[in-house]
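For reference, the structure discussed in these notes is given below.
The values are calculated or read from the model by the stated rules, or taken from the named source; none is laboratory data. Just so you know, these numbers come straight off a predicted model, no measurement behind them. Cβ placement follows ideal geometry from the backbone for every residue including glycine, while neighbour counts extend to all protein chains displayed.
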Amino acid sequence: MSKFCLQCDDGTKLKLQTKDVTVEARGESCVVPKVTGWHCPVCGDIEYTDNDSADRVWKAIEAMGEKAKARDAALLAYA
């Protein structure tokens, strides 16, 4: 079965695999281990194949958002 990246929209084939993924949000980044899904080798988009992988990525993004808010609040407190 072949799947193609809807973000690239140029015929890029997705790869079904489990791998560590670096996610970024608001200037923060972290690695989420063992994310299973259809991964685009060009843009990094992922079509998740299980709820666990999707939940872990979204929780990491939310945590980075909270960390960025705390960082920004600390910067404003010292301004």
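For region 8-41, a residue qualifies if it is loosely packed, with under 13 Cβ neighbours inside 10 Å and out of contact with any strand residue (DSSP E or B) (no Cβ under 7 Å at 6 or more places or on another chain), and the qualifying residues are Asp9, Asp10, Glu24, Gly27. So is Asp9 charged (D, E, K, R), at pLDDT 95 or above and out of contact with any helix residue (DSSP H, G or I) (no Cβ under 7 Å at 6 or more places or on another chain) or not? Spelling it out, it is not the case that Asp9 is charged (D, E, K, R), at pLDDT 95 or above and out of contact with any helix residue (DSSP H, G or I) (no Cβ under 7 Å at 6 or more places or on another chain). Scan region 24-37 and tell me whether some residue there is hydrophobic (A, V, I, L, M, F, W, C), assigned to a strand (DSSP E or B) and over 24 Å from Lys67 (Cα atoms). Checking region 24-37: not a single residue is hydrophobic (A, V, I, L, M, F, W, C), assigned to a strand (DSSP E or B) and over 24 Å from Lys67 (Cα atoms).
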